[in-house]
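The values are calculated or read from the model by the stated rules, or taken from the named source; none is laboratory data. Only a predicted model underlies this, so the values are computations on that prediction, with no experimental measurement involved. Note that we place each Cβ from the backbone using ideal geometry, even for glycine, and neighbour counts take in every protein chain shown.
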Amino acid sequence: MKLRYFAAIVVSAALVAACDRETASQKVDEAVKTAGSAADKAGEAVSAAADKAKEVAAEGFDAIKGQVEELYNQAMSLVNEKKFTDAKAVADKLMTWKDKLPADWQTKVADLVKKIEDGIKAMGGN
């Protein structure tokens, strides 16, 4: 009788332990799914914020694009005429908008400034 009683207790304990493991495993799976979903949502939010930042930057440039192109062309014309001091004054105006310029225009303006500086040096200036 004691042996049957002991066996029943052992079997019951094993069943409870198995159920607890199964429940714990399910809870872990649910936690992993929830964390993954939260990470996906965070990634989507970051991507949306980056897209919005690009859009705002593009709108900022669009507002000044005509002026930037005009000043750039004017400065390039002055460089071609070897009027480097005048070109530098125009380039300085472009540099005030440097943070609003897209990367390709930042490169164009930097190259322009380099041409002007090189021209001034070649003419015997500082």
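Mind listing just one residue for me: the one in the stretch 70-126 that is of a type in the set (A, V, I, L, M, F, W, C) and outside any helix (DSSP H, G or I) and, of those, surrounded by the most Cβ atoms within 10 Å (Cβ to Cβ)? Top of the filtered list is 101. Of the candidates 111, 86, the single residue that is touching a helix residue (DSSP H, G or I) at 6+ places or on another chain (Cβ under 8 Å), charged (D, E, K, R) and at pLDDT 95 or above is 86. Within the stretch 82-103, residues that are closer than 26 Å to residue 122 by Cβ sit with their Cβ atoms under 8 Å from residues that are in a helix (DSSP H, G or I) and among the small types (Gly, Ala, Ser), at 6+ positions apart or across chains, in these pairs: 82/119; 84/119; 87/75; 87/119; 90/75; 91/75; 94/75. Could you tell me whether the stretch 41-63 includes any residue that is at pLDDT below 95, surrounded by fewer than 16 Cβ atoms within 10 Å (Cβ to Cβ) and touching a Lys or Arg at 6+ places or on another chain (Cβ under 7 Å)? Yes.
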